[in-house]
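Nothing in this text is a laboratory measurement; each read-out follows from the coordinates by a stated rule. Quick caveat, the model's predicted, so the values are computed rather than measured. Please note: Cβ atoms are built from the backbone with ideal geometry, for glycine as well, and neighbour counts cover all protein chains shown.
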Amino acid sequence: MTSIIDNQPVFFKVKVFGIPDSEPEFSILDFEVTGGVLSPEDLFVVHLPNLDRRKGVVISGRGPIWLYGYLVHECHPHPWVGLFDPRLGGAVVVETHVKDVNVGQVIPIPDGVA
């Protein structure tokens with residue numbers, strides 16, 4: 001399932017993804033900074049799309065480190081949060097509330113998905 005959420009000044013695209021019997025199912029929250037520039041005060045108007053809170057979240061996109069901090073904070077209620085790293089071919093788990101997913105674990109994501 002893919003849904004597209006257009007919030008100014010950040011554009012979000014959400015995909016639900018998982019490899020049956022292998023890795024946990026999760027949502028990919030892919031973002032793009034519209035206009036190419038984001039200011040810290042823009043965080044007041046950045047609203048995440050509705051995500052299934054029963055699933056982990058992988059955050060993917062190009063933006064400032066403080067935007068990533070904000071997005072991780074907003075995704076905290078999810079079972080786990082990972083940050084996509086294309087060099088590793090997956091998402092590095094940076095926060096978890098479940099026993100079967102560990103901080104530092106790399107959740108594999110096939111090319112072109114995130």
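The residue pairs whose first member lies in segment 26-42 and is polar (S, T, N, Q), whose second member is assigned to a helix (DSSP H, G or I) and surrounded by fewer than 17 Cβ atoms within 10 Å (Cβ to Cβ), and whose beta carbons are closer than 8 Å, counting only pairs six or more residues apart or on different chains, do not exist in this structure. If you check Val92 against the conditions, is it farther than 12 Å from Phe26 by Cβ and in contact with a Leu (Cβ under 7 Å, 6 or more places away or on another chain)? Here the answer is yes, as Val92 does meet what is asked.
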